[in-house]
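A.B. asks: Here it is, the structure, as structure tokens.
The values are calculated or read from the model by the stated rules, or taken from the named source; none is laboratory data. Everything numeric in this text was worked out from a predicted model, so none of it was measured. Please note: Cβ atoms are built from the backbone with ideal geometry, for glycine as well, and neighbour counts cover all protein chains shown. Ligands, DNA and RNA are stripped out before the accessible areas are found, and what is left, the full protein with its side chains, is counted by its heavy atoms. Shrake-Rupley method; radii C 1.70, N 1.55, O 1.52, S 1.80 Å.
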Amino acid sequence: MKTMVIGIGALALAALSTAAVAQRDPAYAAAREAKQVGEQPDGYLGVVSGGASVQALVRDINIKRKAAYTASAQASGATVEQFAFTSGCNLVAKVGRGEMYKTPSGQWKENTGTPELDPRCK
């Protein structure tokens, strides 16, 4: 089981690279800087605040993430949900200072140092 988790983690990092390419959109960077979007433990981007344009941006990014997670999960023998969760652990852990993330209890929080990770991430 531990080998599978390590394998999923390695593939999750590869999927993050794919997701990162999709997120180089200036609108994404602006929404992130404005604290309108944040990372969630489930591996998907969430809307903290903002209107239809922010929601459309998040929806588009999440469609791309799910496609990357699906391809990587199939290659690793994991489920998409397992793969997305592992990616979520990595994404939340890498949230920059001042950026938003969703805590394991479901609250949006600004990262002031070390983000709170779901206990299953460790």
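A.B. asks: With Ala10, Ala27, Ala20, Ala73 as the choices, which residue is farther than 22 Å from Gly106 by Cβ, open to solvent by less than 40 Å² (accessible area, probe 1.4 Å) and at pLDDT below 95?
C.D. replies: Selected residue: Ala73, the only one of Ala10, Ala27, Ala20, Ala73 that is farther than 22 Å from Gly106 by Cβ, open to solvent by less than 40 Å² (accessible area, probe 1.4 Å) and at pLDDT below 95.
A.B. asks: Name the pairs whose Cβ atoms lie under 8 Å apart, with the first residue in the stretch 77-91 and free of Cβ contacts under 8 Å to residues at least 24 places away in the same chain, the second part of a helix (DSSP H, G or I), and 6 or more positions between them or separate chains?
C.D. replies: Listed pairs, sorted by first residue: Thr79/Ala73; Val80/Lys66; Val80/Tyr69; Val80/Thr70; Val80/Ala73.
A.B. asks: Here's another thing I want to ask about it. Scan the stretch 93-101 and give yes if some residue there is part of a helix (DSSP H, G or I), modelled with pLDDT under 95 and of a type in the set (Gly, Ala, Ser), otherwise no.
C.D. replies: Taking every residue of the stretch 93-101 in turn, none turns out to be part of a helix (DSSP H, G or I), modelled with pLDDT under 95 and of a type in the set (Gly, Ala, Ser).
A.B. asks: Name the pairs whose Cβ atoms lie under 7 Å apart, with the first residue in the stretch 30-59 and basic (Lys, Arg), the second at pLDDT 95 or above, and 6 or more positions between them or separate chains?
C.D. replies: So the pair list comes out as Arg32/Glu99; Lys35/Val48; Lys35/Met100; Lys35/Glu110.
A.B. asks: Is it the case that the stretch 80-91 has a residue that's in contact with a helix residue (DSSP H, G or I) (Cβ under 8 Å, 6 or more places away or on another chain) and either charged (D, E, K, R) or exposed (fewer than 14 other Cβ atoms within 10 Å of the Cβ) (or both)?
C.D. replies: no
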